[in-house]
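The structure appears below as structure tokens.
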Amino acid sequence: MASFKINGGFKLSGEIVPQGAKNEALQILCAVLLTEEPITIHKVPDIRDVNKLIELLASIGVNVQKVGAESYRFEASQVDLSYLETEEFKKKASSLRGSVMILGPLLARFGSAKMPKPGGDKIGRRRLDTHFIGFQKLGAKFNFDNESHFYEVDATDLKGTYMLLDEASVTGTANIILAAVLAKGITTIYNAACEPYIQQLCKMLNRMGANISGIGSNLLTIEGVESLGGTTHTLLPDMIEVGSFIGLAAMTKSNLRIKDARVDQLGIIPDTFRRLGIQLEIEGDDIVVPEQESYRIEKFFDGSILTIADAIWPGFTPDLLSIVLVTATQAKGTVLIHQKMFESRLFFVDKLIDMGAQIILCDPHRATVIGLDRQTPLRGIKMSSPDIRAGVALLIAALSAEGTSVISNVEQIDRGYQYIDKRLNALGAQIERIED
Ligand SMILES: CC(=O)N[C@H]1[C@@H](OP(=O)(O)OP(=O)(O)OC[C@H]2O[C@@H](n3ccc(=O)[nH]c3=O)[C@H](O)[C@@H]2O)O[C@H](CO)[C@@H](O)[C@@H]1O
Ligand SMILES: C=C(OP(=O)(O)O)C(=O)O
């Protein structure tokens, strides 16, 4: 397990370019399985989860070539389904969440697929019902093998149908789309997730020859086609990185320019940080966070305490709530953070409390943060990163803190943030990576 040793209390300054989006990459990479023609993907982040999925695709027989610093060419003309029977597949596929989205394309193209329980963050129950109910509606048989712990789906012919999803699951919607594009007839998905990554996936599939309409809404109509061809796709900047950098700048009193942020794709994210009192200037497609001595949390119009809660897109993404929470610890004022989607994502606040933050964990879903208004700095401590976003929240806390902090288990952070230590050190941070 690697650790970060952080000397805190330094202002950062300069420009940072967000990496390609992790959660978009995972969907887009699975889509390469839908065609035997080549697909080139640009702005692929060099992060653990994405690299693991690329490795998994290569093991299934996809020809993978790195054709540029952040570009890959994939050709799935020789897919080897027998690999799905191996122990190695079980190990690789169960180490990340995004691998679950190989099911849809394999089912659509080859008539069967299987997967062990996927991995990903341990942040509460993470059910897959939406995925499998969707496949069943398309005509697939679903089985969970109690001995091997594999989910299996089979279908000779997928048939388009109407479905109302039980929840607007992001990977669930992606998986069903990936299956429905090659089903016979028309599939209508109501209560579909509609975040930019899903929109990007649909646009890419349409370029490959699919026929998807309603993109950007929660009602998608997919007219199945016989086959799909190759294409080229560029990933969006990672909006969770963008939000993380805004929080980092505010906490460390830094002046940062977040370059080429695709501000048009960020939804409610900039305004949510503005409600914490953080000034953001949009210059072209860059976000400039100026150095701020103090930032004051807004109240609701009726004078009551602000709540920031997650919601399905276009609501505020749950993946940024840990960052909002840590950022609020040095604001002036009080905010209630309500993590509705995941029940085990707020426990990391204990570490912030040890650092001197004023937080009351009301229950597993809600925490009240009483900002310190920089009257008392956080203090450096030893801690461990429980999940990817809490890990970065702790890193932000440590960078703002007085003294030295050590964060262990930074592989959690490496799952989703590309060379974060090097990139932040280039802005003036002092982070040392210690490999154990
Ligand atoms: C690889 C990937 O892309 N992971 C993301 C994906 O995970 P993932 O696709 O696994 O998450 P889901 O959208 O399926 O569900 C997230 C959580 O919200 C709950 N839920 C979801 C929809 C809904 O209408 N009501 C509801 O309560 C689910 O039960 C679950 O607890 O989306 C999540 C929600 O944005 C993000 O946190 C993850 O980073
Ligand atoms: C929860 C996340 O990732 P995953 O779904 O891959 O665990 C995340 O990206 O914040």
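Values quoted throughout were computed directly from the atomic coordinates according to the rules given, and no laboratory measurement underlies them. In this text the structure is predicted, and so the values were computed from the model without any measurement. All Cβ positions, glycine included, derive from the backbone under ideal geometry; neighbour counts span all protein chains shown.
Points to keep in mind about this one:
- Net charge in the neighbourhood of GLY209 (other residues with Cβ under 15 Å of its Cβ; Lys, Arg +1, Asp, Glu -1) is -1.
- Computing FRET efficiency as 1/(1 + (r/R0)^6) for LEU81 and GLN136, where r is the C-beta to C-beta distance and R0 is 22 Å, gives about 0.60.
- Listed residue (ALA193, ILE60, PRO38) projecting farthest to the positive dipole end of the chain, Cβ model: ALA193
- Each residue, ALA58 and ARG207, gets one label point 7 Å from its Cα in the Cβ direction; the gap between the two is 2.4 nm.
- Order of VAL67, VAL181 under a 10 Å beta carbon neighbour criterion, fewest first: VAL67, VAL181
- Within the stretch 22-234: Cβ-based charge dipole about Cα centre, in debye rounded to nearest 20 (Lys, Arg +1; Asp, Glu -1): 420
- Taken one residue at a time, the phi angles of the stretch 258-267 give Karplus couplings (6.51, -1.76, 1.60, θ = phi - 60°) of 8, 7, 6, 8, 6, 4, 5, 9, 8, x Hz. Gly and Pro are set to x.
- Remark: the chain carries a charge dipole of roughly 540 debye about the Cα centre, counting +1 on each Lys and Arg Cβ and -1 on each Asp and Glu Cβ.
- Dipole of the chain [Lys/Arg +1, Asp/Glu -1 at C-beta], most positive-end residue of GLY277, LEU320, LEU158: GLY277
- Length gained when the stretch GLU88-LYS382 is fully extended (0.36 nm per residue, less Cα-Cα span): 102.3 nm
- The C-alpha radius of gyration of the stretch 22-234, expressed as a fraction of 2.2 N^0.38 Å, stands at 0.92.
- Taking Cβ atoms as reference points and 10 Å as the exclusive limit, the residues near SER99 contribute a net charge of +2, counting Lys and Arg as +1 and Asp and Glu as -1.
- Range in the chain, longest, excluding exposed chymotrypsin sites (Phe, Trp or Tyr not before Pro) [loop by DSSP; at most 12 other beta-carbon atoms within 10 Å]: 1-299
- Less than 5 angstrom separates the built amide H of GLU36 from none of the residues sequence-distant by 5 or more or on a different chain.
- Restricting attention to the chain, close to 70% of DSSP beta bridges with both partner residues there are antiparallel.
- One chain, two ends: ASN146 and SER344. Fully extended at 0.36 nm per residue, the span grows by 68.6 nm beyond their Cα-Cα distance.
- Radius of gyration (Cα atoms) of the stretch 1-55, expressed as a multiple of 2.2 N^0.38 Å: 1.63.
- Kirkwood estimate for the chain, i.e. one over the average of 1/r between Cα atoms, Å: 22.3
- Helix axis angle, 196-207 relative to the chain longest principal axis, alpha carbon, degrees: 30
- Nearest-0.05 FRET efficiency for THR232 and ASN425, computed from C-beta distance (R0 30 Å): 0.35
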